[in-house]
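Q: So that we are looking at the same thing, I have put the structure below in structure tokens.
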Amino acid sequence: MNPKKLLNIAIVLACPIATYLFAAPEGMSNIGWHLLGVYIGTILALILKVYPAPVLLLSAVAISAVIIGNTPAETLADGTKIALKQGAVLDGYKSGTTWLIFAAFAMSGAFVSTGLGKRIAYKMIGAFGKSTLRIGYINAVLDLLISPAMPSTTARGGGILAPIMASTAQSLSSEPGPTARKAGHYLLLNTYMVVKTTGYITLTGMAPNAVALELMRPIMGINYDWTQWFLAACVPGLISLILMPLVAYVLYKPELKEVNNKEIAQKGLDEMGPMSTKEKILAGLFVAAIIGWVFSKALGVTESTVAICAMASILVTSVLTWEDMLKNKGGWTTFTWYGGLLGLATVLSQAKFFDWLSKTMGDMLSGSEMNATAVTVLILALSVAVRYLFASGGAYVAAMVPVFSAVGMAAGADPVLLSLGLLFSNSYGSMVTHYGSAPAAVIYGLGYHDLKSFWIVGGICAVVTLIIHCTIGFAWWSMLQSMGMIG
């Protein structure tokens, strides 16, 4: 083991150890103090990439269980009794939200393995893609269509859309290097901005969406189901999605304006062959899942039940085999780290840590005259700016979402505007760099972009989206809140 890794491990372990060397802050429970040390250590480990995320979260769950088992019950000054059970740290793995995300990953794997996503793309390119700008919009529409069933932005952006856009660019004689600006530079840059926009339009559009929602819940007292999330996101999200291909096009216009879309599409479809039975079944199951999520309340089922039914149907109809499921590394990886992180958040909540954090922030900001809307806008701007420091969306969510939530609530921000703004900025905030999320690394790694153009387009697209959310978004969410549809 190299010295750097040993140093990083020492820094991480110092966090929980410090909670045994120093007394808990006033008002915080002892168990909350110890678990906070584990939580902060886990966040640092995610940022430093000491081990893969699943290994880190499983270790954190194990350490937390040991701490809970060896920390006696206590009563706080206000009479609140704190007595945690070791099994509580595993609650994240039985959460319906965890299974919703895992089941969506199964559908994601089916889209890739059957080739249905590629077929839809080539059909759309053949029908509408007469210019590079139009192909940019086809990219946006396709990603919007498949995103509810593919919470992995890496699978969508890096596994489906990027290869199609790269092959399209190559067919137009646009390769990495001197000919990149002919078409490939624009098509692939647009792919990333689109993926980070569709990522927040639905609850299942990106795995960290559900994580952020669960972390906010005990602090803000809010909750949104699949339909409420989509209803809130659709107006600002669709406006942003319409603008992204145009913004990228205006900033770095491709040299080729018109393309032979029929030839490109036909070549791709010929290589795929006729539509298979599995693709037809998957298309039907996908539509059924969307209908189930939208009308889950009327059907008397939860969103996670709909997702599990879809996953079971995919297996029963042999669209995927169980062996295929076992190979779905993204699904199992996300299930492991997400369930573990949610479990840590659960025991922190039971230890009344989030209550303490909100009260402490409130005391610090008491007496200050701050406009609630201005505070919300400032926090959302910071949520984007701070993304230059994070190379992982999961690490950002775990580290900053509880803090931004507590500060905003303490400053008197509207919980609906603040929560939705933060939930959505989790996705588009990572537009700003080429290392902000996994699909960025995949797309940048194809060699079509220089660092300057990637950061300029990403930064401007993020700011444009932020402005849309703080204006049209605020108005839309306030209207939905007044109608009793959210909040």
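The values are calculated or read from the model by the stated rules, or taken from the named source; none is laboratory data. In this text the structure is predicted, and so the values were computed from the model without any measurement. Cβ sites come from the backbone with ideal geometry, for glycine too, and all protein chains shown count toward neighbours. The protein model used for the area step is the full one, side chains on, heavy atoms only, and it has no ligands, DNA or RNA in it. Shrake-Rupley method; radii C 1.70, N 1.55, O 1.52, S 1.80 Å.
Q: Can you compute the radius of gyration and Dmax for the chain, using only the Cα atoms, both in Å?
A: 23.0, 74
Q: Sum -39500 (n - 2.57) across every DSSP H segment of at least 4 residues in the chain, then divide by the residue count to get the 222 nm mean residue ellipticity, nearest 500. List each step's numbers first, then the result.
A: Values: 23 runs with 335 residues, N = 487.
Taking each H run of at least 4 residues, the total per residue is -22500 deg cm²/dmol.
Q: Excluding L380 itself, calculate the net charge of residues whose Cβ lies under 13 Å from the Cβ of L380, where each Lys or Arg counts +1 and each Asp or Glu counts -1.
A: Summing Lys/Arg as +1 and Asp/Glu as -1 gives 0.
Q: Taking the Cα atoms of the range 1-78, report the difference between the largest and smallest coordinate on each principal axis, in whole Å and largest first.
A: 47, 21, 18 Å, listed from the longest principal axis down.
Q: In terms of Cα to Cα distance under 16 Å, which aspartates and glutamates are near enough to K329, apart from those fewer than 8 places away along the same chain?
A: none
Q: So which lysines can K452 reach, going by Cα to Cα under 18 Å and dropping same-chain residues fewer than 8 places off?
A: K182, K253
Q: Whole number please: convex hull volume per residue of the Cα set in the range 312-410, in Å³?
A: Values: hull volume 14.5 nm³, N = 99.
Considering the Cα atoms of the range 312-410, their hull volume per residue is 147 Å³.
Q: Work out how much length T80 to K123 would gain on full extension: take 0.36 nm times their residue separation and subtract the Cα-Cα distance, in nm to one decimal.
A: 9.4 nm
Q: Residues with beta-carbon under 14 Å from that of I11, excluding I11: net charge, scoring Lys, Arg +1 and Asp, Glu -1?
A: Values: positive: K4, K5, K49; negative: none.
Summing Lys/Arg as +1 and Asp/Glu as -1 gives +3.
Q: At 0.36 nm per residue, and after removing the present C-alpha to C-alpha distance, how many nm does the segment from K327 to L389 gain when stretched out fully?
A: 19.1 nm is the gain from fully extending K327 to L389.
Q: Let me ask another. Under 14 Å from the Cβ of L144, count the other residues' Cβ atoms, weight Lys and Arg +1, Asp and Glu -1, and hand me the total.
A: Summing Lys and Arg as +1 and Asp and Glu as -1 gives +1.
Q: Which of rounded, prolate, oblate describes the range 184-339, given a ≥ b ≥ c as roots of the alpha-carbon gyration tensor eigenvalues and a/c under 1.5 marking rounded, otherwise prolate only if a/b is larger than b/c?
A: Judged from the Cα gyration tensor, the range 184-339 comes out oblate (a/c at least 1.5, b/c at or above a/b).
Q: Please calculate how many Å² of accessible area the range 293-447 carries per residue, with a 1.4 Å probe and no DNA, RNA or ligand atoms counted.
A: Here the per-residue accessible area is 39 Å².
Q: Evaluate the relative contact order of the chain (contact order divided by residue number), counting alpha-carbon pairs under 8 angstrom at least 6 apart; express in whole percent.
A: Values: 741 pairs, mean separation 115.5, N = 487.
Relative contact order, the chain: 24 percent.
Q: Work out how far the C-alpha atoms of the range 332-487 reach from end to end along every principal axis, then list the three figures in whole Å, largest first.
A: Principal axes ranked by extent give 51, 36, 32 Å for the Cα atoms.
Q: I would also like to ask the following. Pairs of alpha-carbon atoms within less than 8 angstrom and 6+ residues apart define the contacts here; what relative contact order does the range 238-362 have, in percent? Present the calculation step by step, with values, prior to reporting the outcome.
A: Working: 29 pairs, mean separation 19.0, N = 125.
15 percent.
Q: Determine ³J(HN,Hα), in whole Hz, for all residues of the range 298-303 in sequence, where each value follows from phi through the Karplus function 6.51 cos²θ - 1.76 cosθ + 1.60 and θ = phi - 60°; x replaces Gly and Pro.
A: Using θ = phi - 60°, the values come out as 5, 7, x, 10, 8, 4 Hz.
Q: Straight distance only, please: which lysines reach the Cα of K327 with their own Cα at less than 21 Å, same-chain residues fewer than 8 apart left out?
A: Result set, ordered by chain and number: K118, K278.
Q: How much length would be gained if the chain were fully extended between S173 and L21, taking 0.36 nm per residue of separation minus their Cα-Cα distance, in nm to one decimal?
A: Once the chain is fully extended between S173 and L21, it gains 48.3 nm.
Q: Taking only the C-alpha atoms, wrap a convex hull around the range 214-257 and report its volume per residue in Å³ as a whole number.
A: Numbers: hull volume 5.4 nm³, N = 44.
Value for the range 214-257: 123 Å³ per residue.
Q: Between the range 197-248 and the range 418-487, how far is it from one alpha carbon centroid to the other, in angstrom?
A: 10
Q: In cubic angstrom, how much convex hull volume per residue do the alpha carbon atoms of the range 263-322 span?
A: Taking only Cα atoms, the range 263-322 has a hull volume of 102 Å³ per residue.
Q: What are the extents of the Cα atoms of the range 1-150 along their three principal axes, in Å, largest first?
A: Projected onto the principal axes, the Cα atoms of the range 1-150 cover 68, 42, 27 Å.
Q: Let me ask another. For the range 385-467, rounded, prolate or oblate, judged on the Cα gyration tensor with a ≥ b ≥ c (square roots of eigenvalues), a/c < 1.5 rounded, else prolate if a/b > b/c?
A: Since a/c reaches 1.5 and a/b is larger than b/c, the shape of the range 385-467 is classed as prolate.
Q: In Å², what does the accessible area per residue of the range 122-279 work out to with a 1.4 Å probe?
A: Ligands and nucleic acids excluded, the figure is 34 Å² per residue.
Q: One quarter of the convex hull surface, Cα atoms only: what value does that give for the range 125-164 in nm²?
A: With every direction weighted equally, the projected area is 2.7 nm².
Q: In whole percent, how big is the carbon plus sulfur part of the accessible area of the chain, probe 1.4 Å, protein atoms only?
A: Carbon with sulfur: 66 percent of the solvent-accessible area.
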